[in-house]
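**Student:** Sharing a structure here in structure tokens format.
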Amino acid sequence: MTLSAATVTAINAEVARYPSKKTALLPSLKLAQKEKGWLSTETLGEVADLVGLPHSHAVELATFYAMLFT
């Protein structure tokens, strides 16, 4: 279960848009959730890899915000 090429492209654009990778993580997770409907552990890891951050950062952010469904 991987993200579509369009979502990967959009996430890469978010990473390029922000000066800090951490700043790009939240909008990137929103893009992945928009495609998948929720954020599985696999999807969280994939987004973290695309952004260039540890998987734990994606898990922490996803479990903190109620708007992100895990």
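The values are calculated or read from the model by the stated rules, or taken from the named source; none is laboratory data. Quantities reported herein were computed from a predicted structural model and do not represent experimental measurements. Backbone-built Cβ (ideal geometry, glycine too); neighbour counts: all protein chains shown. Surface accessibility is based on the protein's heavy atoms, side chains included, excluding ligands, DNA and RNA. Shrake-Rupley method; radii C 1.70, N 1.55, O 1.52, S 1.80 Å.
**Student:** Count the net charge of all other residues whose Cβ sits under 15 Å from the Cβ of residue 34, scoring Lys and Arg as +1 and Asp and Glu as -1.
**Tutor:** -1
**Student:** Given a 1.4 Å probe and every protein chain left where it sits, what share in percent of the accessible area of the chain is carbon and sulfur?
**Tutor:** Result for the chain: 60 percent of the exposed heavy-atom area is carbon or sulfur.
**Student:** Another question about this same structure. Under the rule of at least 5 residues apart or a separate chain, name every residue whose amide H is placed under 5 Å from the amide H of residue 70.
**Tutor:** Result for residue 70 returns 39.
**Student:** Count charges around residue 53 for me, please; just the other residues with Cβ under 14 Å from its Cβ, Lys/Arg as +1, Asp/Glu as -1.
**Tutor:** Surrounding charge for residue 53 is -2.
**Student:** Specify which labelled value, from (1) 3.9; (2) 6.6; (3) 4.3, agrees with mean projected area of the Cα convex hull in nm² derived from the coordinates of the model shown.
**Tutor:** (1)
**Student:** Something else about it: Solvent-accessible area of residue 41, probe 1.4 Å, all protein chains present, reported in Å² to the nearest ten, please.
**Tutor:** 110 Å²
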